[in-house]
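What follows is a short report on a single structure.
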Amino acid sequence: MSKLDLKNFTRAALVDYAKELSWSPFRGNQIFSWLYRPGISDFAQMTDLAKVARLELAERTMISRLVPEKREVSEDGTIKYAFRLDDGQVIESVLIPEEDRNTLCVSSQVGCAMGCQFCLTGTMGFKRNLSPAEIVNQIMAVRDDLPMEMCNSGDRRNGCINNLVFMGMGEPLANFDNLLTALEILMDQSGLDFSGRRVTVSTCGLVPRMKELGERAVINLAVSLHSVDNKIRSQLMPVNDKYPVEVLLEACRNYPMPNRRMIMFEYILIKGLNDSDGDARQLARKLGDMRCKINLLPFNPCPGLPYEQPSRDRIMAFQKILWDAGFTVFIRFSRGGDISAACGQLASRVSAAGHAIDDDEESLPLGD
Ligand code: SF4
């Protein structure tokens, strides 16, 4: 019988498991804390558990971890990690360092079924979902890898990682249950203790799951929009055939979120396709008075993808129209291009949009 991976358990599930073994529920809490606070991977280190309990646990369960198989550092400081999973598949995570914070972009699936035309992961097809443990272990592995000098806060608890964004390989809402379990572990105070304000989940627009996500996890939502013209959006993102722009924007309007939070719309600017003044005006009209911010992501050319980046002037003109219409708009140029860690190059969509939506957002929109 294969052993259960303890990192697939939320704290509540571990308490239940302790009861199943006829142990005190308190022991479930103890075990959970050992997994994340010191982050141990050896049962012998659970020193407040009786030896007989540790042996029983070791017989029935295991503690998984990921070790980077490859680490590439970009000239701009971006670090791309490759992790080999037990079944031989490889996933990638990208750390994006900034002056005042470090953001980790996390994968949720191996490959992706969504087939977005600007994304290399889309061309890979879908291989499988990641387990909660495989999601959480990406963060723990990077946490353990980074040197103390990279810590902005000096708080080693989560190493140098300040923000998490689910913008790596895969569509997170297509792996919904495992995503929710991972989020619960990540935000549990005895787990990795991330504030929901520092966690962003990005979706290509799986409308039925969006509302449920907002009801079950208080995190930030980013939506890959890229066009508000159904013809263009369907050309870029097949998901638009099922959930067209009007349906998606209605779901965004109804998304349950705390006051002061805003939805982040991601908009890849592609030369000659969705970057005209008319496109910008149409975007402003359709978003109307929605509580949102907009990230403009100049397309990052990739071999095999037929798109180009607009000129700097065009990008600025697009931003200005949105700005004049009253929107908060950021331009995020991709980073890590020299190590294929930029937008669309990961065989994923790790992007310069890799910022948690932050009420204390300090970075200024470019282009003024
Ligand atoms: Fe999947 Fe996201 Fe790439 Fe679309 S952009 S194919 S949803 S990973």
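Compute for the chain: radius of gyration divided by Kirkwood radius, i.e. Rg/Rh, restricted to C-alpha atoms, rounded to two decimals. It would help to have the intermediate numbers written out before the result.
Details: Rg = 20.9 Å, Rh = 21.2 Å.
Rounded to two decimals, Rg over Rh is 0.99.
Hey, which lysines would be in cross-link range of LYS271, C-alpha to C-alpha under 27 Å, not counting anything within fewer than 8 residues on its own chain?
Leaving aside lysines fewer than 8 places away in the same chain, those within reach of LYS271 are LYS231, LYS242, LYS286, LYS293, LYS320.
Around VAL247, what is the net charge, scoring Lys/Arg as +1 and Asp/Glu as -1 over all other residues with Cβ under 14 Å from its Cβ? Display every interim value, and only then the final one.
Values: positive: ARG209, LYS211, ARG233, LYS242, ARG253, LYS286; negative: ASP241, GLU246, GLU250.
Net local charge, VAL247 excluded: +3.
Among the lysines, select those whose C-alpha is under 21 Å from the C-alpha of LYS127, and discard any that sit fewer than 8 residues away in the same chain.
Hits, sequence-local ones excluded: LYS70, LYS80.
Using Cα-only point scatterers and the Debye equation, what is log10 of I(q)/I(0) for region 185-227 at each q in 0.19, 0.24 Å⁻¹, rounded to two decimals?
-0.62, -0.85
Within 10 Å, count the other beta carbons around each residue, average over each peptide in 301-308, 201-208, 184-191, and list them highest first. Provide the component values of the computation, followed by the final result.
Working: 301-308: 13.6, 201-208: 21.4, 184-191: 19.0.
Top to bottom by mean Cβ count within 10 Å: 201-208, 184-191, 301-308.
From the Cα trace of region 1-126, what convex hull volume per residue do you get, rounded to a whole Å³?
Details: hull volume 21.3 nm³, N = 126.
Spelled out: Cα convex hull of region 1-126, divided by residues, is 169 Å³.
Where does each of 209-221, 104-116, 139-151 land if you order them by average Cβ count within 10 Å, highest first?
Values: 209-221: 18.5, 104-116: 24.5, 139-151: 16.1.
Per-residue Cβ counts within 10 Å, averaged per peptide and sorted highest first, yield 104-116, 209-221, 139-151.
Amide H of VAL223: which non-local residues (sequence gap of 5 or more, or other chain) have their own amide H closer than 5 Å, using H built in the peptide plane?
Result for VAL223 returns THR203, MET264, PHE265, GLU266.
Counting only protein heavy atoms and a 1.4 Å probe, tell me what percentage of region 70-353's accessible area is made up of carbon and sulfur.
47
Can you return the aspartates and glutamates within cross-link range of LYS3? Criterion is Cα-Cα under 16 Å, with same-chain partners fewer than 8 residues away left out.
Qualifying aspartates and glutamates at Cα under 16 Å: GLU20, ASP42, GLU56, GLU59, ASP86, ASP87, GLU134.
Please report Rg over Rh for region 129-283, where both radii come from the alpha carbon positions and Rh follows the Kirkwood definition. Could the numbers behind the result be given before it?
Details: Rg = 17.2 Å, Rh = 17.0 Å.
Taking Rg over the Kirkwood Rh, I get 1.02.
Rounded to the nearest 5, what is the percent of antiparallel bridges among the DSSP beta bridges in the chain? Don't jump to the answer; show the numbers that get you there.
Numbers: 18 of 44 bridges.
Among the beta bridges of the chain, antiparallel pairing accounts for roughly 40 percent.
With θ taken as phi - 60° and the coefficients 6.51, -1.76 and 1.60, list the Karplus ³J(HN,Hα) couplings across region 128-142 in order, rounded to whole Hz; mark glycine and proline as x.
Coupling constants for region 128-142: 5, 6, 7, 6, x, 4, 5, 6, 5, 5, 4, 5, 5, 5, 5 Hz.
For a protection proxy built on the mean count of beta-carbon atoms within 10 angstrom, sort 28-34, 194-200, 42-48 highest first, please. Can you show the working numbers first?
Working: 28-34: 20.9, 194-200: 19.3, 42-48: 13.7.
Descending mean neighbour count gives 28-34, 194-200, 42-48.
So who's got an amide H within less than 5 Å of the one on THR328, skipping anything under 5 residues away but keeping other chains? H placed 1.01 Å off N, in plane.
Result for THR328 returns ILE294.
Test of understanding: extend the Cα→C-beta vector of GLU149 to 7 Å, then name every residue of region 81-122 with backbone N under 19 Å from that spot.
Only 95-103 pass the distance filter.
Would you mind getting me the FRET efficiency between SER2 and GLU246? Use the beta-carbon distance for r and R0 = 45 Å, nearest 0.05.
Details: r = 46 Å, r/R0 = 1.03.
Plugging the Cβ-Cβ distance into 1/(1 + (r/R0)^6) gives 0.45.
Convert each backbone phi in region 280-293 into a coupling constant with the Karplus relation 6.51 cos²θ - 1.76 cosθ + 1.60 (shift: θ = phi - 60°), then list the ³J(HN,Hα) values in order as whole Hz, x for Gly and Pro.
Per-residue couplings from phi come out as 5, 5, 5, 4, 4, 5, 5, 6, x, 9, 5, 6, 7, 10 Hz.
Using modelled amide H (1.01 Å from N, peptide plane; none on Pro or chain starts), what sits under 5 Å from the amide H of MET62, excluding residues fewer than 5 places away?
LEU4, ASP5, LEU6
Select from LEU120, LEU21, LEU225 the residue whose mean-square fluctuation is largest in a Gaussian network model of the chain (Cα-Cα springs shorter than 10 Å).
It is LEU21.
Per residue of region 307-320, what does 6.51 cos²θ - 1.76 cosθ + 1.60 with θ = phi - 60° give for ³J(HN,Hα)? Whole Hz please, x for Gly and Pro, Karplus curve as stated.
Calculated HN-Hα couplings, in order: 10, 10, 7, x, 5, 4, 4, 5, 4, 5, 5, 4, 4, 5 Hz.
Rounding to the nearest 10 and keeping the result within 0 to 90°, find how far the Cα-based axis of helix 207-216 lies from the longest principal axis of the chain.
Roughly 50 degrees between the two axes.
In nm, what is the difference between 0.36 nm times the number of residues separating GLN235 and ASN259 and their Cα-Cα distance?
Values: separation 24, 0.36 × 24 = 8.64 nm, distance 3.46 nm.
Full-extension gain reported as 5.2 nm.
Testing the spin-label approximation: label points 7 Å from Cα along Cα→Cβ at SER22 and THR328. State their distance in nm.
So the label points at SER22 and THR328 sit 5.7 nm apart.
Restricting the calculation to Cα positions, tell me the Rg (one decimal) and the Dmax (whole number) of region 25-77 in Å.
15.6, 51
Can you give the FRET efficiency for LYS286 and GLU59, using 1/(1 + (r/R0)^6), R0 = 45 Å, r = Cβ-Cβ distance, to the nearest 0.05?
Details: r = 58 Å, r/R0 = 1.29.
So the FRET efficiency works out to roughly 0.20.
Between ASN300, ASN137, ASN254, which gets the highest mean-square fluctuation from a Gaussian network model of the chain, Cα cutoff 10 Å?
ASN254
Roughly how many Å² is the accessible area per residue of the chain, as a whole number, for a 1.4 Å probe?
Normalised by residue count, the accessible surface of the chain is 41 Å².
The values are calculated or read from the model by the stated rules, or taken from the named source; none is laboratory data. As the structure is a prediction and not an experimental result, all values here were calculated from the model. Because the Cβ atoms are built from the backbone with ideal geometry, glycine has one as well, and the counts that use them run over all protein chains shown. All accessible areas refer to the heavy atoms of the entire protein, side chains included, with ligands and DNA or RNA removed. Shrake-Rupley method; radii C 1.70, N 1.55, O 1.52, S 1.80 Å.
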